[in-house]
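The values are calculated or read from the model by the stated rules, or taken from the named source; none is laboratory data. Just so it is clear, the structure is predicted and the values come from calculations on it, not from any experiment. Here the Cβ positions follow ideal geometry from the backbone for every residue, glycine too, while neighbour counts run over all protein chains shown. The accessibility values were calculated without ligands, DNA or RNA, using every heavy atom of the protein model including side chains. Shrake-Rupley method; radii C 1.70, N 1.55, O 1.52, S 1.80 Å.
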Amino acid sequence: MRDIQVRDYILGVAGNLDKNTLKDTLESLISVATDEFIDAPACILAVAYYELDDTDTALSTLDKTAENYPMANLLRRVYSRLA
């Protein structure tokens, strides 16, 4: 999942999915993903945690992303201000 269009599409359809199912699926994906492919699913997982009112876990999930991944940096800024 390196394509940002795929990431953004999943973020869009994720609003219609059960957050716990999405969370479980993404946690499984991240557990086998290499560092090269973890940024996008980690961001989507962080959004799922945030929507489950778990901002602390959302922020810690973003720690798995590269420091220069733009979506993760944006989510960190937003979640940090809301925590």
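On the beta carbon distance between D53 and D3, with R0 = 30 Å, the FRET formula returns roughly 0.50. Under the convention that each Lys and Arg Cβ holds +1 and each Asp and Glu Cβ holds -1, the size of the dipole of the chain around its Cα centre is about 220 debye. Looking at the chain, the accessible area is 62 square angstrom per residue; that uses a 1.4 Å probe and ignores ligands, DNA and RNA. Surface composition of the chain: carbon and sulfur atoms hold 52% of the protein heavy-atom accessible area at a 1.4 Å probe. Based on Cα contacts under 8 Å between residues 6+ apart, the chain shows a relative contact order of 26 percent.
Only helices enter the 222 nm calculation for the chain: every DSSP H run of n ≥ 4 contributes -39,500 (n - 2.57), and dividing by all residues gives -22000 deg cm²/dmol, rounded to 500. Our coupling estimate for the stretch 22-35, obtained by passing each phi through the Karplus curve with A = 6.51, B = -1.76, C = 1.60 and θ = phi - 60°, is 4, 4, 4, 5, 5, 4, 5, 4, 5, 5, 10, 6, 7, 3 Hz, Gly and Pro reported as x.
Return, ordered by residue number, the residues of the stretch 46-64 whose backbone nitrogen is under 16 Å from a label point located 7 Å along Cα→Cβ of V13. Flagged as within label range: none.
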